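Asker: Shown below is the structure under consideration.
The values are calculated or read from the model by the stated rules, or taken from the named source; none is laboratory data. Not measured: the values here are computed from a predicted model. Note: ideal-geometry Cβ built from the backbone for every residue, glycine included; neighbour counts use all protein chains shown.
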Amino acid sequence: MNTALEATGLVKRYGRHATAALDDCSFRLPEGRISALVGPNGAGKSTLLAIAAGLLRQTSGQLRVLGAGPGEARARVGYLSQDKPLHPQLSVADTLRLGAELNPDRWDAAYAAGIVEQGSLDPRTKVRALSGGQRTRVALAIALGKRPELMLLDEPMADLDPLARHELMGTLMADAAEHGTTVLMSSHIVAELADACDHLLLLGGGRIRLGGGIDDLIGAHSLVTGRGDLSKHTVVESRASGRGVTALIRRDGPVGEGWQVQEPSLEELLLAHLRSPEAPALITPSTASTADRTAVTA
Amino acid sequence: MSAPSLEKPEKPEKPVKQAKPTVRRTLPGPDGLVWTMLRLHRTALWVWTGYAVISLGLLLWLWGPGASAAQKAFDTFGYAGAQENGWEGKSFPFSAWLPEFLSPLGSFDTIFYEPASLTRLLAIGIAVFAAGPLIARELELGTAGWAWTQSVTPARWLVAKLTVPALLITVCTGLLVIVYRLVWNAHGHLLIAGIGPRSFYFNIGPATVANALFALAFGVLAALVLRRALPALAVSGVVAYLVGALRGNSWPFQGRYQQPEIPVHSKAITSGGAEIRDPGCYLDKACLARHDVTGFTRQYLPSQDYWPRQLTETGILLGLTALCVVAAFLVLRRYQPKKTTKGARG
Amino acid sequence: MGEQERVIEFRIDRHSGVSTYLQIVHQTEQALRLGMLEPGDKLPTAREVVEATAINPNTVLKAYRELERSGLVEARRGLGTFVRRSLGSAPADSPLKAELDDWARRAREAGLDRGDVAALFGNALEEHFGTASGTASSTASGTTTRKTTSTTTSTTKGNA
């Protein structure tokens, strides 16, 4: 499978002595995935997305975007930043025209206009008069109108009401269904991600803590309750529960007798990893960067 | 290559991504970044067009139909009288339209007498625009970054930000200079109305255009360095003002030859046609009658050092402009990700 | 796609505890049982489903593949997914449906509430059809875990 995004030892430091926002971050995002990028505040999510979009320069390390350097494939990459900057003095129609003029080789005018129309927006409305949801819709229409192969979204739905959020996520998913667009979006809202995403990158301390298909990641973990020895498994988090413990473990072989085994939800999996920053990282083979994979086999 | 369930059988192997560019333009005219520039800075474009039309209009008026009216006023009050706002523009049609407190603006002096300050103001205006709305405001709003995540590289974006205004500035300022020179050649005495002909004369030439271009380049550089509209705007305004203050008068390279005046022959004409010394009557009609003055004449002799100085100044300003442009592109590279080396590719 | 009336709309309940793709499978089966979908009918495209529900397209495709595996639908390349056969013999207007309606009415007249009726019906179901399987309810968590485990193992092998 082709690679949409691949980071190798990516480091970003703001200022010489600051702690690194990204610290030796390595992963690979295969093409066609819809991936969530989650992590606590300050984990480096926005930094990673901005570097991939060609807006920030990494301190060291490498990032390949659609097989090119960041910024070299900008025509094929869509990016929606957290604050969705648009020119406030332009009308919606002029903003769409701007999208056409700035993406001369790829622009799909009918498609972009269609997305705006779904939100029943008057094209003559000035951008400054739009609500948060309408503004996001226009920004999304332009990002999708250039028909990106890779879509990067930084907290796309953060300030939207539930209805707008549902509609726009539907628009995004429809685009992915129709065009096979690879999507990487950061978010705080786990519920929103669980249904929309099939892939997960959990950032913590500037590195990938969990990376892989959501089904694979969930499948690799178990929520166990009971008593006994868990030492051959990786215990991500455990707490006392009556006389025994309840633990989220990364299985290594079958779980012994005497344990009640459950499949964790995505939320449980994420929360357990967020609460235990020292838990070892798990990156499934398809998500490990090429360099790391070679290192493992070597 | 993860779970087999993640393939998409309904989708063709390789999604067709070479989307044919659909028709995006319905009207002929500029497109791409040029359209973007003109649309985004439409207000500035209107202001600029207004400035150019009004100043060119006034100058053409003075060159043609207005020349005799102005001459009549001079003949009435003398150059000295005109200097002192003696006739407060009363013989000019447009002064009547202005409200009272603006009436000095309607006087002949203010409109035509100080083109030096007119072009200086112009440069300051350009610098402030370049630093503020053109660049720093876009950086503040994040729309610059937005443009860079479209199919436009930051370098191409900056090229458009520089060339479109530069072209308009060159054309309009160039026209202004040409028309000023037309008026100067035809009725130079009307433009000067008395003092500081050199300051005026030396302010009108190719260096005027170079000065405006420098203001643009410096404003852009200041905005890229400072990244905030307000400081960028203040710094570039002050610098443009300082450069303007140096022009025509006090460039360091002028050395001890600072501001030698242009040789001038200035006389009053009596009713008998004799050319006598200007008696300096100002508005005093009795005085004018006593000296039997019916008109005035003034003639400027060619200045030997105009072209050497004008060209040196132009060269210096264009050099500074080029430095600012190069610096601007270098600063812009700090905004961009590192280019991957050839070896790392593939 | 435009002229074809959409015959089924999926409702995704995020809090049901049933995985999203199974919800789609169940709702399609339910529509087939009730005769709301008949052989030859076209299922909505993945694009249409995800646009309305904001779920991952792969989830829809996974559900459709599951339905295809059980022989209920078939994917025709480039055309869409079509119903191949109906399910059960109880279309919405069958005599059995009428009898059940009648029975439910009588149960209500006899003073039974919704829970009582559901319990009665559930008992009858279990008696005649055996215990439900395949649904990811909490009672079947062991099954689910084992199933996912095997998937993961095969995946890892596939990648190595």
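Asker: If I go through segment C:6-49 residue by residue, how many of them are closer than 21 Å to A:ALA196 by Cα and either assigned to a loop (DSSP other than H, G, I, E, B) or of a type in the set (A, V, I, L, M) (or both)? I'd like the intermediate steps shown before the answer.
Answerer: Filtering segment C:6-49 for residues closer than 21 Å to A:ALA196 by Cα gives C:8-28, C:43-49.
From what's left, either assigned to a loop (DSSP other than H, G, I, E, B) or of a type in the set (A, V, I, L, M) (or both): C:8-19, C:22, C:24-25, C:43-46, C:49.
Within segment C:6-49, residues that are closer than 21 Å to A:ALA196 by Cα and either assigned to a loop (DSSP other than H, G, I, E, B) or of a type in the set (A, V, I, L, M) (or both) number 20.
Asker: If I ask for residues that are more than 7 Å from every other protein chain (Cβ to nearest Cβ) and in contact with a helix residue (DSSP H, G or I) (Cβ under 7 Å, 6 or more places away or on another chain), which ones from segment A:70-85 would you list?
Answerer: Those that are more than 7 Å from every other protein chain (Cβ to nearest Cβ) and in contact with a helix residue (DSSP H, G or I) (Cβ under 7 Å, 6 or more places away or on another chain): A:GLY78, A:LEU80, A:GLN82, A:LYS84.
Asker: Turning to a different aspect of this structure: Any idea which of C:LEU112, C:LEU96, C:LEU87, C:LEU120 is in a loop (DSSP other than H, G, I, E, B) and more than 23 Å from C:PHE10 (Cα to Cα)?
Answerer: Details: C:LEU96 fails: in a loop (DSSP other than H, G, I, E, B); C:LEU87 fails: more than 23 Å from C:PHE10 (Cα to Cα); C:LEU120 fails: in a loop (DSSP other than H, G, I, E, B).
Of the residues listed, the single one that is in a loop (DSSP other than H, G, I, E, B) and more than 23 Å from C:PHE10 (Cα to Cα) is C:LEU112.
Asker: Moving to a separate point now. Checking the condition within 17 Å of the chain's Cα centre (by Cα), surrounded by 24 or more Cβ atoms within 10 Å (Cβ to Cβ) and either in a loop (DSSP other than H, G, I, E, B) or in the same structural domain as A:THR136 (by TED's automatic domain parsing) (or both), which residue from A:GLY71, A:GLY42, A:GLY78 passes? Walk me through it before giving the result.
Answerer: On the way: A:GLY71 fails: within 17 Å of the chain's Cα centre (by Cα); A:GLY42 fails: surrounded by 24 or more Cβ atoms within 10 Å (Cβ to Cβ).
Going through A:GLY71, A:GLY42, A:GLY78 in turn, the sole match is A:GLY78.
Asker: Still on this structure, I have one more. Any idea which of A:ASP195, A:ASP175 is under 23 Å from A:GLU31 (Cβ atoms) and more than 8 Å from chain C (Cβ to nearest Cβ)? It would help to see each step written out before you state the result.
Answerer: Values: A:ASP195 fails: more than 8 Å from chain C (Cβ to nearest Cβ).
Going through A:ASP195, A:ASP175 in turn, just one is under 23 Å from A:GLU31 (Cβ atoms) and more than 8 Å from chain C (Cβ to nearest Cβ): A:ASP175.
Asker: Take the residues in segment B:257-284 that are in contact with a Phe, Trp or Tyr (Cβ under 9 Å, 6 or more places away or on another chain) and not in a loop (DSSP other than H, G, I, E, B), then tell me which one is modelled with the lowest pLDDT.
Answerer: Step by step, filter segment B:257-284, then rank; the result is B:VAL264.
Asker: Looking at A:LEU248 and the list (1) closer than 26 Å to A:GLY206 by Cβ; (2) assigned to a loop (DSSP other than H, G, I, E, B); (3) not polar (S, T, N, Q), which single condition is not satisfied?
Answerer: (2)
Asker: Now, a different point. If a residue must be charged (D, E, K, R) and either in contact (Cβ under 8 Å) with a residue 40 or more places away in the chain or not assigned by TED's automatic domain parsing to the domain that holds A:ALA191 (or both), how many such residues does segment A:140-167 contain? Explain how you work it out, then say what you get.
Answerer: Narrowing segment A:140-167 to residues charged (D, E, K, R): A:146-147, A:149, A:154-155, A:159, A:161, A:165, A:167.
Those still in the list that are either in contact (Cβ under 8 Å) with a residue 40 or more places away in the chain or not assigned by TED's automatic domain parsing to the domain that holds A:ALA191 (or both) too: A:146-147, A:149, A:154-155, A:167.
Selection size over segment A:140-167: 6.
Asker: Is it the case that segment C:79-87 has a residue that's surrounded by 15 or more Cβ atoms within 10 Å (Cβ to Cβ), touching a strand residue (DSSP E or B) at 6+ places or on another chain (Cβ under 7 Å) and within 14 Å of chain A (Cβ to nearest Cβ)?
Answerer: Yes, that holds for at least one residue.
Asker: Taking only segment A:218-232 into account, find how many residues are within 14 Å of another protein chain (Cβ to nearest Cβ) and either at positive phi or part of a strand (DSSP E or B) (or both). Show your work before the answer.
Answerer: Restricting attention to segment A:218-232, the residues satisfying the condition of being within 14 Å of another protein chain (Cβ to nearest Cβ) are A:218-226.
Still in the running and either at positive phi or part of a strand (DSSP E or B) (or both): A:221-226.
Of the residues in segment A:218-232, 6 are within 14 Å of another protein chain (Cβ to nearest Cβ) and either at positive phi or part of a strand (DSSP E or B) (or both).
Asker: For the list (1) within 30 Å of A:VAL138 (Cβ to Cβ); (2) of a type outside the set (Val, Ile, Thr); (3) within 13 Å of chain C (Cβ to nearest Cβ), I need the number of the one condition that A:LEU184 fails.
Answerer: Single failed check for A:LEU184: (3).
Asker: I would also like to ask the following. Does segment B:128-150 contain at least one residue that is part of a helix (DSSP H, G or I), free of Cβ contacts under 8 Å to residues at least 12 places away in the same chain, over 30 Å from B:SER266 (Cβ atoms) and of a type in the set (A, V, I, L, M)?
Answerer: Scanning segment B:128-150 turns up at least one residue that is part of a helix (DSSP H, G or I), free of Cβ contacts under 8 Å to residues at least 12 places away in the same chain, over 30 Å from B:SER266 (Cβ atoms) and of a type in the set (A, V, I, L, M).
Asker: List pairs: first residue in segment C:47-59 and within 7 Å of another protein chain (Cβ to nearest Cβ), second residue acidic (Asp, Glu) anywhere in the structure, Cβ distance under 7 angstrom, at least six positions apart or on different chains.
Answerer: C:ARG47/A:GLU178; C:ALA52/C:GLU9; C:ALA54/A:ASP195; C:ILE55/A:ASP195; C:ASN56/A:ASP195; C:ASN56/A:ASP198; C:ASN58/A:ASP198
Asker: Looking only at residues in segment A:145-165 that are over 17 Å from the mean Cα position of the chain (by Cα) and modelled with pLDDT of 90 or more, which one is farthest from the other protein chains (Cβ to nearest Cβ)?
Answerer: Top of the filtered list is A:GLY145.
Asker: Hey, C:PRO95 hits all of (1) within 24 Å of C:ILE8 (Cα to Cα); (2) out of contact with any Pro (no Cβ under 6 Å at 6 or more places or on another chain); (3) modelled with pLDDT of 90 or more but one; which does it fall short on?
Answerer: (3)
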